[in-house]
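Chemist: My structure is below; once you've seen it, I'll send some questions.
The values are calculated or read from the model by the stated rules, or taken from the named source; none is laboratory data. Values in this document were obtained by computation on a predicted structure and should not be read as measured data. Don't worry about glycine lacking a Cβ; one is built from the backbone with ideal geometry, like all the others, and counts go over all protein chains shown. Note: areas computed on protein heavy atoms with side chains; ligands, DNA, RNA excluded. Shrake-Rupley method; radii C 1.70, N 1.55, O 1.52, S 1.80 Å.
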Amino acid sequence: MLQSSLHCKVPNGAIDITCLLIFLNASTDAPHFLMEFIQGSPTSIVVLLDLLPRKDLALHPEYIERYYENTQVDKQREKVEELPQARPYRSRSLFLRSTVSLTAILMSIDCGQGGEGTLEEIVRGQLATAARALLQIWLDSCADHTSEMEEGERENMIKRDQIVRSKSIEVDLTSNLPRMFGPDVADRVIAEIQKAFGVQ
């Protein structure tokens, strides 16, 4: 599990990033859990909520059915999309966009000038509800499950997990942390995360 809360001053104000990533081990092929909130102003926030797939979904329709259709997880995305302040968020990272599920909540919420109170209501209301619902689905359907897999299938999943972890650190942390905290602090933090994730 990786939990982080970052606050950094930037030229036009400050940025706050809160992230919770829970990776499952190789006893199951169930999705990992992702929750991230990036607030760049008092009136706007980027939301990333997902059950991160551990298989190529096009090759495994039964995986889609088990973890995404049967759990009706897509309803949470639909509810957040109904907010008039919500717009789809598209990361510049093609890698990130390739690792999330089609049910991922990837939204930018912008309440406009003077909308601090409105954003607070949305965060405490619809976003908190969606995050709790998604976490409950993950706890009920993924967290405590084991999966029967052939050895080759398990090895492929482990390899995929390692690539996703390694590339996520490279794409996200290695490119952003030095700008936020300087190279010395960034290098120490990244080294500890790599050690915890078992990647170099």
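Chemist: Restricting to the stretch 16-50, count the residues that are assigned to a loop (DSSP other than H, G, I, E, B) and hydrophobic (A, V, I, L, M, F, W, C).
Modeler: If we filter the stretch 16-50 for residues that are assigned to a loop (DSSP other than H, G, I, E, B), which is where we start, we get 23-31, 42-43.
So of that shortlist, the ones also hydrophobic (A, V, I, L, M, F, W, C) come out as 23-24, 26, 30.
Selection size over the stretch 16-50: 4.
Chemist: Restrict the check to the stretch 150-171 and report whether at least one residue is outside any helix (DSSP H, G or I) and either open to solvent by less than 70 Å² (accessible area, probe 1.4 Å) or in contact with a His (Cβ under 8 Å, 6 or more places away or on another chain) (or both).
Modeler: Taking the stretch 150-171 and keeping what is outside any helix (DSSP H, G or I), we get 150.
Imposing the further condition that a residue be either open to solvent by less than 70 Å² (accessible area, probe 1.4 Å) or in contact with a His (Cβ under 8 Å, 6 or more places away or on another chain) (or both) reduces the set to none.
The answer is no, given that none of the residues of the stretch 150-171 is outside any helix (DSSP H, G or I) and either open to solvent by less than 70 Å² (accessible area, probe 1.4 Å) or in contact with a His (Cβ under 8 Å, 6 or more places away or on another chain) (or both).
So that you can scan it fast, the table gives a plain yes or no per residue for (1) of a type outside the set (S, T, N, Q); (2) modelled with pLDDT under 95:
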| site | (1), (2) |
| --- | --- |
| 68 | yes, no |
| 74 | yes, no |
| 86 | yes, no |
| 96 | yes, yes |
| 101 | no, no |
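Chemist: Take residue 116 and decide whether it is within 23 Å of residue 30 (Cα to Cα) and open to solvent by 80 Å² or more (accessible area, probe 1.4 Å).
Modeler: On the way: within 23 Å of residue 30 (Cα to Cα): no; open to solvent by 80 Å² or more (accessible area, probe 1.4 Å): yes.
No.
Chemist: Okay, next question. What is the number of the single condition among (1) surrounded by 11 or more Cβ atoms within 10 Å (Cβ to Cβ); (2) part of a helix (DSSP H, G or I) that residue 195 does not meet?
Modeler: The one condition residue 195 does not meet is (1).
Chemist: Going through 87, 97, 92, 77 one at a time, which residue ends up being basic (Lys, Arg) and surrounded by 15 or more Cβ atoms within 10 Å (Cβ to Cβ)? Steps first, answer last, please.
Modeler: Numbers: 87 fails: surrounded by 15 or more Cβ atoms within 10 Å (Cβ to Cβ); 97 fails: surrounded by 15 or more Cβ atoms within 10 Å (Cβ to Cβ); 92 fails: surrounded by 15 or more Cβ atoms within 10 Å (Cβ to Cβ).
Exactly one residue qualifies, and that residue is 77.
Chemist: Let me ask something additional. Can you go through 86, 143 and tell me which one is over 28 Å from residue 197 (Cβ atoms) and hydrophobic (A, V, I, L, M, F, W, C)?
Modeler: On the way: 143 fails: over 28 Å from residue 197 (Cβ atoms).
The match here is 86.
Chemist: Ok, one more. Give just the number: which of (1) of a type outside the set (Ser, Thr, Tyr); (2) within 17 Å of residue 135 (Cα to Cα); (3) in contact (Cβ under 8 Å) with a residue 24 or more places away in the chain does residue 109 not satisfy?
Modeler: (2)
Chemist: Restricting to the stretch 38-66, and then to whatever is modelled with pLDDT under 95 and hydrophobic (A, V, I, L, M, F, W, C), can you tell me which residue is surrounded by the most Cβ atoms within 10 Å (Cβ to Cβ)?
Modeler: So the residue we want is 38.
Chemist: Being assigned to a loop (DSSP other than H, G, I, E, B) and touching a residue at least 40 places away in the same chain (Cβ under 8 Å) is the filter here, so list the residues in the stretch 73-106 that pass it.
Modeler: Step one: of the stretch 73-106, the residues assigned to a loop (DSSP other than H, G, I, E, B) are 73, 82-85, 89-93, 100-104.
Scanning the stretch 73-106 gives 73, 83, 89, 93, 100, 101, 102, 103, 104.
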